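J.: Can you read through this structure? Questions will come right after.
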Amino acid sequence: MDIDEFMNNKSETKYEVNIGNALLRILEISNRNQVFIQNIFERQLEIKSLLKGKTESDFDEYFRDKVFEMEKDIYEISKTDYHKLLYQVLDTKE
């Protein structure tokens with residue numbers, strides 16, 4: 001069953017959710033994904049810098065600038081996606 005089928009299911013089936021546990025798991029997964037993605041991005045930039053002949057000291061500043069740009073972009077995109085997801089999850093009656 002995908003999310004659309006679940007949300008549109010009008011049966012009397014009830015699901016119990018431990019909200020605290022669910023929030024902690026989401027936080028854990030989110031943190032793990034952030035570290036994972038940041039490590040991938042760092043390795044990619046490191047390889048690109050080495051291929052262009054940059055030194056490690058050049059790389060540190062370059063990396064910080066690129067991460068800052070990336071975080072700004074991700075924040076804007078995720079804010080929009082969050083509102084779309086929230087709208088889908090909330091019980092909005094038209």
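J.: Which angle from 0 to 90°, rounded to the nearest 10, does the C-alpha axis of helix 19-51 make with the longest principal axis of the chain?
T.: For 19-51 against the chain, the angle is about 30 degrees.
J.: Shifting gears a bit: What percentage of the solvent-accessible surface of the chain, computed with a 1.4 Å probe over protein heavy atoms, is contributed by carbon and sulfur atoms?
T.: 57 percent
J.: Which lysines have a Cα less than 28 Å from the Cα of LYS84, not counting those fewer than 8 places away in the same chain?
T.: LYS10, LYS14, LYS66, LYS72, LYS93
J.: Tell me what the chain gives for mean residue ellipticity at 222 nm when only DSSP H runs of n ≥ 4 count, each as -39,500 (n - 2.57), the sum divided by the residue total, rounded to 500 deg cm²/dmol.
T.: -27500 deg cm²/dmol
J.: Continuing with this model, one more query. Over the Cα atoms of the chain, what is the Rg over Rh ratio if Rh follows Kirkwood?
T.: With Rg and the Kirkwood Rh in hand, the quotient comes to 1.18.
The values are calculated or read from the model by the stated rules, or taken from the named source; none is laboratory data. Every value quoted in this text rests on a predicted model; they were computed, and no experiment measured them. These accessible areas exclude ligands, DNA and RNA; they are computed on the full protein's heavy atoms, side chains included. Shrake-Rupley method; radii C 1.70, N 1.55, O 1.52, S 1.80 Å.
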